[in-house]
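In what follows, a structure is listed as structure tokens, so that the remarks can point back to it.
The values are calculated or read from the model by the stated rules, or taken from the named source; none is laboratory data. The model shown is predicted, which means the values in this text are computed figures rather than measured ones. Every residue, glycine as well, gets a Cβ built from its backbone with ideal geometry; the counts of neighbours run over all protein chains shown. When the accessible area is computed, the model is the full protein with side chains, heavy atoms only, and any ligands, DNA or RNA have been set aside. Shrake-Rupley method; radii C 1.70, N 1.55, O 1.52, S 1.80 Å.
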Amino acid sequence: MTSRQFAYLSNYAIYSAMFTYTIAFFAHAVEVAFSVRHGESSTEFDFAKTDKSGRIGTAMMILGQVFLTSGVLLRGLSAHRAPWGNMYEFSITGAMAFSGAYLFALIKYKLRWLGLPVSTAVLLTLGTAVAVLYRPSAPLVPALKSTWLIIHVSAAIISGGVFLLANTIAATYLILDRMESRGGRNEWAKKLPSLEYLDQLSYRLVAFVFPLWTFAVIAGAIWAESAWGRYWGWDPKETWAFITWIAYAAYLHARVTIGWRGRRAAWLCLFAGSTFLFNYIYVNIWGTGRHTYSGL
Amino acid sequence: MSTENPLGGVPLLRWMWRQLTSMRTALLLLMLLGIASIPGSLFPQRTQNPMKVRDYLATHGALGSWLDRFRFFDVYSSPWFSAIYLLLFISLIGCVLPRTLEHLRAIGKKPPLTPRNLDRMEGFETLSGGDLDKAEAWLRKKRFRIRRDENSLSAEKGYARESGNLLFHLSLILILVAVGVGSLFGSKGEAIVNVGERFINTPTSYDSLSFGKFQSDQSMSSFSLRVTDFNAKYDPATNAPQDYRLTVQAAQPIGAPEEKKIIKVNSPLTYGNTKIYLQANGYSPVVTVRDSTGSITFHGPVTFLPQDANLTSTGAIKVPDMNPQIGFVGSFIPTYDRNAKRGAFSAFPEVLDPRLLLSVWKGNLGLDTGVPQSVYRLDTSKMTRIGLKQLSLGESLNFGEGSITFDGWRSWVNLQIVDDPGKLYALFGAIFAIFGLLLSLFTRQRRIWVKSGNQVEIAGLAKNAAPGLLEELAQLKKWMEDDI
Ligand code: HEM
């Protein structure tokens, strides 16, 4: 097959993934919404009734992951390189990492409920990628031709996926926490796990990928050394990677050595995650520096 | 602990030292370093983009000069940034070294005594059977460190957590040292070299060169490079660069037999701590200037600077040895095209159909005023224009006082030459940091106690609420209560 055919196939795979995630979104929404039953005097839940819908949701998440992964791989094949050369490609790969992190965590933890926010976030990311960021598949400029690009970017994208998952959980924590402090969870939220569980889970995720993020930053430095003649140059992208790193280090210290839990920890987690997003969005689009030559 | 008189002499110093080396301070400094690095990503920096800084200063008036006064355009070398960095460094050392010594001393030691009351610990339980020997056998098999007393047993596991933690923090110190070494003992410079020319690694060969405080031209590594070929490949559909390949004949040390070497964007040429990078490329048109008698007053390649992705390049040719002095403002177009809107422009970055646009000026070049001049610009304030023409390859322009011929072109490359003796330490620091981090984040540190009195009691304590302790205690309980 030619490069162009691979590129077309990749696009179709991405569209299919979007379609599948849309179904997943609705299935998860139905699961939550229709488990409410209005009795005579009170409102109750019957999750047995909507369990099927939840399972359809998970199946669609898996299928979407398959499509999305194929889309990313085909994109790489069409360009003869790792598919991380511009923002469109970062976005589809990032979405892949994010939903992959969800599916991976689903094996270990009971968090099918996260399917709703995860499918929403993936759809938004893919939608933006296709509508705004799309670029035809093309080879890389010489500076991006390096094994370290593959290593550095894959580590960064996986870390990003897990950081954002931790953020989603921390945000859920804050919402539920607010409900509880106002007298109790809303009906739809009763099925979600306990606050303590969410608090622990977001910490675990961060502790789990923090070394990987550290590695991503270091791999970036090694690559910068071989491409640009310095391993650290305070380029905006580097600066913000450093800030993200410090923010998560602060989060870990706050939890481990000062003993922060709950609301404050969740806010700190959200803050740290937002430095990551800021780096991705602001620095890529409006920033200056050497990382912005990817043609978006 | 003399805190009664915190304001006098030595106690004050000691108090300050303790404050500085507390973990809270270190963390605060770390946060501060993060915050202090933000302005550097929002304002243009001299080290990265001096032109943008100049533009910013020109358009922002008083605000700009105030920002400049507080070094917002040199954030990473500013006194305030360095102060945070140094304080953090000292704080880390003061914080981590004592802990390291303590940890080393603890290696041979046994776990601490069993606490008197186990019932306040986690997973406290009274067993229906078993004895200390049985517990010890199980804990030994699980590689706990054990302290056996007459009727109690104290076991601990997970020392690697603190080892990893210390390794990580010591590595941070190593990285900070490496950065310091690099900036004090290193050097960094750039030089533009035409294909066919030779570069000798001495300070005068550079267009720009900066030394660390303890580095000088004496200690520069000795080598020379003769640039024999430069090949740039571009995608015919998108004009995007695909590959750059520089071929040099290198001699190290200077005068040694030459060897052929290839330099590419991601693979610099390395001599010890010194690396030579291919940074940028462009074109130098080759011209011959003759006076009115026909004798040659200037001949050679003149470096022009690229202005766009298709390498339209501009520059100046100065001929001081004519009377009056002659200067040319030029624009080199590697692949000529034109349309009504843009006029003449370059349609492709390779040289397929070159043109040289020249405007000719006569008068005073202003070279002997003592003010350094850019070689790429002509100061036309004391000159008058006497001609304008677009030349194809081989064509000449006659301007009365003489003539100029467009003979050809050469490629030039911009070499960046960096000597960083600290970077290997930084790399080791980084590798150790990751190992330390993994050890510390994924080791569960916990203690388990067993007491035998009237009944056998067990309990434990997990540091940092590490998970899994209760399961472990349950296993121990089952093992001890089984009658085998
Ligand atoms: C540069 C960023 C830093 C990072 C990423 C970092 C990372 C960590 C991590 C992950 C832990 C957890 C280890 C555990 O669970 O026991 C930790 C613990 C610790 N850190 Fe840092 N650290 C940093 C800076 C510092 C600084 C500047 C200091 C003080 C000088 C410091 C002092 C400590 C101490 C004393 C502990 C042990 C806490 C305990 O055992 O309860 N750290 N650090």
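Across segment B:198-215, the qualifying residues are those that are assigned to a helix (DSSP H, G or I) and polar (S, T, N, Q), and the one among them that is nearest to the ligand (Cβ to nearest atom) is B:Ser205.
If you go through segment B:132-164 and keep only what is open to solvent by less than 40 Å² (accessible area, probe 1.4 Å) and within 16 Å of the ligand (Cβ to nearest atom), you end up with B:Glu156, B:Gly158, B:Ala160, B:Arg161, B:Glu162, B:Gly164. Regarding segment B:17-38, can at least one residue be identified that is within 11 Å of another protein chain (Cβ to nearest Cβ), crowded, with 18+ Cβ neighbours inside 10 Å and more than 20 Å from A:Ala249 (Cβ to Cβ)? No, because not a single residue in segment B:17-38 is within 11 Å of another protein chain (Cβ to nearest Cβ), crowded, with 18+ Cβ neighbours inside 10 Å and more than 20 Å from A:Ala249 (Cβ to Cβ).
Within segment B:167-200, being within 30 Å of B:Phe428 (Cα to Cα) and open to solvent by less than 10 Å² (accessible area, probe 1.4 Å) holds for B:Ser171, B:Ala178, B:Gly186, B:Gly189.
The criterion of at least 1 residues that are under 30 Å from A:Ser226 (Cα atoms) is met by the following strands (runs of 3 or more DSSP E) wholly inside segment B:364-472: B:402-419.
Of all residues in segment A:211-243, those satisfying the criterion of being of a type in the set (Phe, Trp, Tyr) and either modelled with pLDDT under 90 or open to solvent by 30 Å² or more (accessible area, probe 1.4 Å) (or both) are A:Phe215, A:Trp223, A:Trp228, A:Tyr231, A:Trp232, A:Trp234, A:Phe242. Restricting attention to segment B:49-88, the residues that are open to solvent by 50 Å² or more (accessible area, probe 1.4 Å) and either touching a residue at least 60 places away in the same chain (Cβ under 8 Å) or acidic (Asp, Glu) (or both) total 3.
For segment A:35-64, name all the residues that are at pLDDT 80 or above and touching a Lys or Arg at 6+ places or on another chain (Cβ under 8 Å). Even if it seems obvious, please write down each step before you answer.
First pass over segment A:35-64, keeping only residues at pLDDT 80 or above: A:52-64.
Those that are at pLDDT 80 or above and touching a Lys or Arg at 6+ places or on another chain (Cβ under 8 Å): A:Gly54, A:Gly57, A:Thr58.
The residues of segment A:66-93 that are β-branched (Val, Ile, Thr) and open to solvent by less than 40 Å² (accessible area, probe 1.4 Å), listed by number, are A:Val72, A:Ile92, A:Thr93.
Only residues that are among the β-branched types (Val, Ile, Thr), within 16 Å of the ligand (Cβ to nearest atom) and open to solvent by 80 Å² or more (accessible area, probe 1.4 Å) were counted in segment B:94-131, giving 0. Residues that are over 24 Å from A:Tyr231 (Cβ atoms) and outside any loop (DSSP other than H, G, I, E, B) were ranked within segment B:249-270; the one that is least open to solvent (accessible area, probe 1.4 Å) is B:Ala251.
Take the conditions away from the ligand (no atom under 16 Å from the Cβ), part of a helix (DSSP H, G or I), within 14 Å of chain B (Cβ to nearest Cβ) and acidic (Asp, Glu) and apply them to A:Asp199. Does it pass?
Yes, satisfied.
Kindly establish whether A:Arg230 is within 7 Å of another protein chain (Cβ to nearest Cβ), charged (D, E, K, R) and over 18 Å from B:Pro39 (Cα atoms). If you could, list the steps in order and put the result at the bottom.
Working: within 7 Å of another protein chain (Cβ to nearest Cβ): yes; charged (D, E, K, R): yes; over 18 Å from B:Pro39 (Cα atoms): yes.
When the stated conditions are applied, A:Arg230 passes them.
The condition (being closer than 30 Å to A:Ile218 by Cα and aliphatic (A, V, I, L, M)) is satisfied by just one residue among B:Ile458, B:Ile434: B:Ile434.
Scanning segment B:235-248 for residues that are of a type in the set (Phe, Trp, Tyr) and open to solvent by less than 30 Å² (accessible area, probe 1.4 Å) yields a total of 0.
Has segment B:412-419 got at least one residue that is of a type in the set (Val, Ile, Thr), within 16 Å of the ligand (Cβ to nearest atom) and in contact with a Phe, Trp or Tyr (Cβ under 9 Å, 6 or more places away or on another chain)?
Initial filter on segment B:412-419 (of a type in the set (Val, Ile, Thr)): B:413, B:417-418.
Still in the running and within 16 Å of the ligand (Cβ to nearest atom): none.
Looking through segment B:412-419, none of the residues is of a type in the set (Val, Ile, Thr), within 16 Å of the ligand (Cβ to nearest atom) and in contact with a Phe, Trp or Tyr (Cβ under 9 Å, 6 or more places away or on another chain).
Evaluate segment B:181-197: report whether one residue or more is of a type outside the set (A, V, I, L, M, F, W, C), within 16 Å of the ligand (Cβ to nearest atom) and out of contact with any His (no Cβ under 7 Å at 6 or more places or on another chain). Checking segment B:181-197: not a single residue is of a type outside the set (A, V, I, L, M, F, W, C), within 16 Å of the ligand (Cβ to nearest atom) and out of contact with any His (no Cβ under 7 Å at 6 or more places or on another chain). One residue stands out in segment A:240-266 among those that are under 21 Å from the mean Cα position of the chain (by Cα) and away from the ligand (no atom under 14 Å from the Cβ): the one that is nearest to the other protein chains (Cβ to nearest Cβ), namely A:Trp240.
Inclusion of B:Leu437 among residues that are under 35 Å from the mean Cα position of the chain (by Cα), open to solvent by 20 Å² or more (accessible area, probe 1.4 Å), at the interface with another protein chain (Cβ under 10 Å from one of its Cβ atoms) and closer than 30 Å to A:Trp213 by Cβ is not warranted.
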